[in-house]
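No value in this document is a laboratory result; all are computed from the given coordinates. Remember, predicted model here, so these are calculated numbers, not experimental data. All Cβ positions, even for glycine, are placed from backbone atoms using ideal geometry, and neighbour counts span all protein chains on display.
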Amino acid sequence: MNPLLLALAVAAAPSAETPKPLALPGSPGSVMMDYLAVEPSPARVWVPAGNTGKVDVVDVATLAITSVTGFPTVTKEGPHGKREVGPSSVTIGDGHAFMGNRANNQVCAIELKTLKLGACVPLEDMPDGLAYVSETHEVWATTPRSNSLTIIDAHDVAHLKVAAKVTLDGEPEGYAVDGHGHFITNLEDLDRTAIFDVKTRKEIQRGQPGCGEEGPRGIAIDASAHALFVACKDHVAALDLADGLKLLATVPTGAGVDNIDYVPSLHQVFAAGGHAATLTIARFTGKAFEKLATIPTSEGVRVVVAAPNGTAFAADSKNGRLLVTSPVK
């Protein structure tokens, strides 16, 4: 997108109040955060807090934080030098949170009621994103280092086991499930979005979100509206699930978007631009986007989730905190 047009679009959007900073407990300054998840009832945000070796659970109503501790961390060499890695992804399903750890390549179950850590299962590759598939009682993990999906059998949560590994022709990034037997991920290096049948574990459809060379990132979904939302570097694209992933609309967000979220009851999409240091909230009307707010955040904030009431939680890893934004109408 033309930088001048993007700047004008962002400037033209209505603004909202500055987010409230919520420091994570025991933060050493920076906290590595990637994939967050929302538990709808009671409304809680699950925050794998990487280098701290914890998963922090935030009550949406009170902002009180409870930590699940005891996860290993390890120092690894990355593209930007050495860093401490640990819990990094989470998904909610069947009375449990399933947490992925980059330190030991494990996925572990945590009971929602008691926050008690349960069984773990080691994967061959480092888990990235996780999605619980209720139809099959499985956790699907994107494992991009081997261009694959790793499927975990969670029928017996006390005895998690790897059920299958699906080899891909590209690097998976982002995830969504539609509740109708489909798992969706992007192939970042191919600029494609792929849909899989969860029972056969076969790819059944592929589309092009049009993100360009840098490829697509996060995914969100409105299954009832047959709309799939794909994060590109500086915008979100809406694709038509009922018409071959045809492009319906786009909304500019500012550069540096990663994981996005969507609240179906409000028809609102949430996208944080890490380079632009803004959070974009837009309403999807079925065929177009209506930008509701552009909210200032901090440099590097590129991950956001939203509670059912529209409260947004953006991960400010550099400063070891969440940025909490009140619902926007």
With θ set to phi - 60°, apply the Karplus curve 6.51 cos²θ - 1.76 cosθ + 1.60 along region 112-128 and write out the HN-Hα couplings as whole Hz, x wherever there is a Gly or Pro. 5, 5, 9, 6, 8, 6, x, 6, 10, 9, x, 10, 5, 10, 5, x, 10
Of 239, 123, how do they rank once you tally other Cβ atoms within 10 Å and put the fewest first? 123, 239
Nonlocal amide H pairs with residue 192, under 5 Å, H built at 1.01 Å: 187
Working out 0.36 nm times the residue gap between residue 202 and residue 114, then minus their Cα-Cα distance, what length gain in nm do you get to one decimal? 28.1 nm
Within region 180-243, list the GluC sites (Glu not before Pro) lying in a DSSP loop whose Cβ has at most 16 other Cβ atoms in a 10 Å radius. 213, 214
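Here is the link list: 20/291; 20/161; 82/165. Which ones come out longer than 32 Å on Cα distance?
Going by Cα-Cα distance, 20/161 fall outside the 32 Å limit.
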Amide H neighbours of residue 112 under 5 Å, counting only residues 5+ apart in sequence or on other chains, H built in-plane at 1.01 Å? 96, 97
Proximal lysines relative to residue 246, as straight alpha-carbon distance under 18 Å, when same-chain residues fewer than 8 apart are discounted: 287
If the cut-off is a Cα-Cα distance under 14 Å, which aspartates and glutamates reach residue 318, setting aside same-chain residues fewer than 8 apart in sequence? 34, 84, 299
What is the packing order of peptides 28-34, 278-284, taking the mean over residues of other C-beta atoms within 10 Å and listing the highest first? 278-284, 28-34
